[in-house]
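All remarks here apply to the structure that follows.
The values are calculated or read from the model by the stated rules, or taken from the named source; none is laboratory data. For clarity, every value in this text was computed on a predicted model and none was experimentally measured. Here the Cβ positions follow ideal geometry from the backbone for every residue, glycine too, while neighbour counts run over all protein chains shown.
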């Protein structure tokens, strides 16, 4: 998978040092894959979820650092691309405001 943009992952790793190792590990795994569906994603990340947002698009959400954070992505399986959208704390994610913004 091609990940757009690694720069954001690195920025968040600096901003949230307790999540840095997990974020970079996620990147390494995701970049080495050729996922075709959420089922494929869940082979590596069993707790990944597809969440429908206001725009009716599906956002794939990954738990990071044992559920302390959420990484929100848009996966375009047909193009083999993952677009990095947001990185939220568990509390920010639970407010659900992000659903209206995507």
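The table below lists the values:
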read-out: Matching residues, the stretch 1-24, being more than 18 Å from residue 63 (Cα to Cα), in a strand (DSSP E or B) and within 12 Å of the chain's Cα centre (by Cα); value: 4
read-out: Residue 54 vs. criteria surrounded by 13 or more Cβ atoms within 10 Å (Cβ to Cβ), modelled with pLDDT under 95 and in contact with a helix residue (DSSP H, G or I) (Cβ under 6 Å, 6 or more places away or on another chain); value: no
read-out: Pairs with Cβ under 7 Å, 6+ apart, first in the stretch 42-69 and touching a residue at least 24 places away in the same chain (Cβ under 8 Å) and at positive phi, second part of a strand (DSSP E or B) and surrounded by fewer than 14 Cβ atoms within 10 Å (Cβ to Cβ); value: none
read-out: Options 83, 27: the member that is closer than 17 Å to residue 2 by Cβ, touching a residue at least 24 places away in the same chain (Cβ under 8 Å) and not in a strand (DSSP E or B); value: 27
read-out: Members of the stretch 36-51 that are under 14 Å from the mean Cα position of the chain (by Cα) and outside any helix (DSSP H, G or I); value: 45, 46, 47, 48, 49, 50, 51
